Amino acid sequence: MKVLSLHKPGDIRFEDAPMPEPGEGEVLLKVMACGVCSSDEARIFKDGAHIMPIVPGHEFCGQVVKTGAGVDESLIGRKASVFPMLPCFECPSCKRGDYATCSNYKYYGSRNDGGMGEYRAIKAWNLNLLDDSVDYCVGALSEPSAVGHHATEVGGVKAGDKVFVIGSGTIGLLIGFFAQAKGAEVWIGARRKESNDFAASLGFKTIDTNNTEDEVAKATDGNGMDVVFEAVGSNKCLIEAIGSVTAGGTLVTVGNPVGDMNLPRDVYWRILRKQLTVRGTWNSSYSDKANDWHEVAALMKEKKIPFEKLITRKYKLSQCDEAFDFFRDHSIQKSRVMFVMHEKESEAYNG
Ligand SMILES: [Zn+2]
Ligand SMILES: [Zn+2]
């Protein structure tokens with residue numbers, strides 16, 4: 001079978017690999033689609049992974065074609081995405097079912113081989129079953145969707161709220177979708193006109209974040225937003241986010257920080273004086289008590305949210321150089337770039 005294999009930072013190859021065999025508690029997943037995440041860009045081209053060579057990709061979806069020992073054979077033929085984290089099940093977080101904060105985890109795509117290959121043996125526990133009607137590429141958006149859904153839950157968004165998402169990346173737009181689905185009024189904020197135009201094409205109101213304060217004041221009669229998501233990870237956006245929240249409102253920090261986060265004293269004062277709730281969000285819930293993955297699967301089945309509009313281009317694994325060149329060109333407005341395998345290859349980009 002074919003995979004993309006990362007040998008060292010900047011050295012990713014389309015090559016042959018042995019067909020995986022599902023072990024005890026595992027299934028063999030025929031991978032049909034795998035998204036490229038911005039964390040993959042850093043992993044593949046700059047930092048490398050925890051082990052190398054490795055098959056990257058943690059946003060994938062496929063069909064169960066074989067089961068290992070101790071696994072229900074009725075899973076064969078089912079469509080599923082994959083919760084990529086392999087928690088230890090022993091640390092205090094795991095004992096509470098809070099797997100996202102596990103202190104000793106493994107991960108498909110960064111610590112174990114992931115989804116950028118034609119097949120992958122996966123723990124049955126990690127399968128997130130999808131309805132047959134869900135497109136594989138939409139299914140491959142399960143991971144960023146679960147992350148966005150989790151952030152929306154952490155923010156406590158409710159009907160009638162004015163919600164402002166700073167950042168128009170895939171997660172930011174997904175937060176917008178989920179907040180809208182809860183009945184909130186949603187603004188997406190970006191600096192680039194093409195990004196705001198794209199957000200507007202998805203039905204969002206937009207804010208030009210070259211001029212955040214004035215635009216937020218205009219949009220809210222000077223009152224500010226009920227819930228603000230900082231989905232960029234920049235110091236400037238964090239400061240603007242604090243300035244955009246209404247008194248008693250909530251700020252959710254979502255974006256991975258690109259550098260140090262420092263607050264001028266007058267900005268820090270605003271957290272106190274406005275009695276803001278500041279909440280961090282990380283990954284997604286995947287347990288019996290809360291499960292963003294199951295909720296996302298239900299929303300994908302329902303088809304009211306246009307997930308498919310977040311797929312910018314699809315490439316075959318053999319087109320990986322072209323795909324990564326496109327992905328790394330930050331002058332182009334895009335959401336998810338996706339690798340497609342098997343029958344899905346007919347949908348691949350061809351110039
Ligand atoms: Zn990701
Ligand atoms: Zn753990």
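The values are calculated or read from the model by the stated rules, or taken from the named source; none is laboratory data. Please read these numbers as outputs of a predicted model, since none were measured by experiment. Neighbour counts are summed over all protein chains in view; Cβ atoms, including those assigned to glycine, are modelled from backbone coordinates with ideal geometry.
Give the residue that is nearest to ligand 2 (Cβ to nearest atom), with candidates limited to residues of the stretch 64-74 that are closer than 20 Å to G139 by Cα and buried (at least 18 other Cβ atoms within 10 Å of the Cβ). This residue is V64. Inclusion of S201 among residues that are hydroxyl-bearing (S, T, Y), surrounded by fewer than 23 Cβ atoms within 10 Å (Cβ to Cβ) and more than 16 Å from ligand 2 (Cβ to nearest atom) is warranted.
The criterion of at least 3 residues that are within 16 Å of ligand 1 (Cβ to nearest atom) is met by the following strands (runs of 3 or more DSSP E) wholly inside the stretch 50-156: 59-67. Does the stretch 205-216 contain any residue that is touching a strand residue (DSSP E or B) at 6+ places or on another chain (Cβ under 7 Å) and among the hydrophobic types (A, V, I, L, M, F, W, C)? Within the stretch 205-216, one or more residues are touching a strand residue (DSSP E or B) at 6+ places or on another chain (Cβ under 7 Å) and among the hydrophobic types (A, V, I, L, M, F, W, C). Residues that are exposed (fewer than 15 other Cβ atoms within 10 Å of the Cβ) and either modelled with pLDDT under 95 or not in a helix (DSSP H, G or I) (or both) within the stretch 291-327 comprise K303, K304, P306, listed in sequence order.
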